[in-house]
Each structure stands twice: as structure tokens, then as C-alpha cells.
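Comments concern the structure below.
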Amino acid sequence: MLDKLHQLREERKGDEGFTLIELLVVVVIIGILIAIAIPLYLNYQKGANDKSAMSDIRGAVSVLEQCNSDNGAYPATADVASSGGAIGASCNGQTIKLSGGTAITYANNGTSFKIYGTNSKGSGKYYCYNSATGGSVVTGTAC
């Protein structure tokens, strides 16, 4: 029995674990996969922040149109530059809610309004809505 145990130990001599080269190859492969995955994740995150800015502008349009239908005019001012806020004293305390990083600018010319917005965590694109032309939120400041 003891001879059999010695024989089994002798057969396993060359099978003691991973070599340094094998471990380095695995680490290099993992590094390559991480180098591919991180930029993709960051692009998805920027895209989500851009969509957030567009959604915030659409929400602001709804609030401003509600104010117009309640009062017969768009508010003269809107304090919504960075974190959302009141849209004017004539709108019965209605507020515009903004996502983190989104900032919008409101401009009223009496009969219509324009809203420009961007998200500081996004790709840097600006989005615009012009109530005179209607439609949807467009990319760019020329609307």
C-alpha cells in the first residue's frame, strides 16, 4: 500500500500549478477586455445623460403650456438654470424638475417661448424647443 502511495506521488510531480507565463496571459486578456468595456460604458452613460436633458425639456414644456392654459400667458421668467425651480409667480407655484447635471435657459417673447438645455455630464450637445414652431425637442441652439 505504501509503495502504491509513493508511485502516485511520483506520477504527480510535474502537475503542481500554473506557471508564471500562464498567469500573465490571463492578466493581459482581462486587461484587454477592461480596456474595451470602459469606453463603451462611458459612452452609454453620456447618452443617458443627454436623453435626460431632452426629457427635462419636454417636461418643462408641459409645465409651461399648463401655465399658459391656466393664465392665458406664458410666464415672464423661469428660475430653472441648474436644479429646477419656480416658473413665475403667475403660475400658481408650479415648478420644473430637472435631473442632475441638467441646466436649461428659458426665453419668453410674449406670445411664445424657447427653452435651451444641456447636461454637464453628457456629450455637450444642446437641445432646444421653440413653442412658435412646435414639434419636438431638436438638437442644437438654432431653433
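Just to confirm a number: summing +1 for Lys and Arg and -1 for Asp and Glu over residues other than residue 61 whose beta-carbon lies under 14 angstrom from that of residue 61, what do you get?
So the environment of residue 61 carries a net charge of +1.
Residues whose amide H lies under 5 Å from that of residue 113, counting only those 5 or more places away or on a different chain, are 131, 132; hydrogens are built 1.01 Å from N in the peptide plane.
Taken over segment 1-63, the alpha-carbon convex hull comes to 114 cubic angstrom per residue. Entry for the chain at q = 0.10, 0.19 Å⁻¹: log10 I(q)/I(0) = -0.49, -1.04, Debye formula applied to identical alpha-carbon scatterers, no solvent contribution.
Across 21, 30, 57, mean-square fluctuation computed from a Gaussian network of the chain (C-alpha pairs under 10 Å connected) peaks at 21.
Here, each number is a calculation from the coordinates, and none is a lab measurement. Since the model is a prediction, treat every value here as computed from it, not as a measurement. Cβ atoms come from the backbone with ideal geometry, glycine included; neighbour counts cover every protein chain shown.
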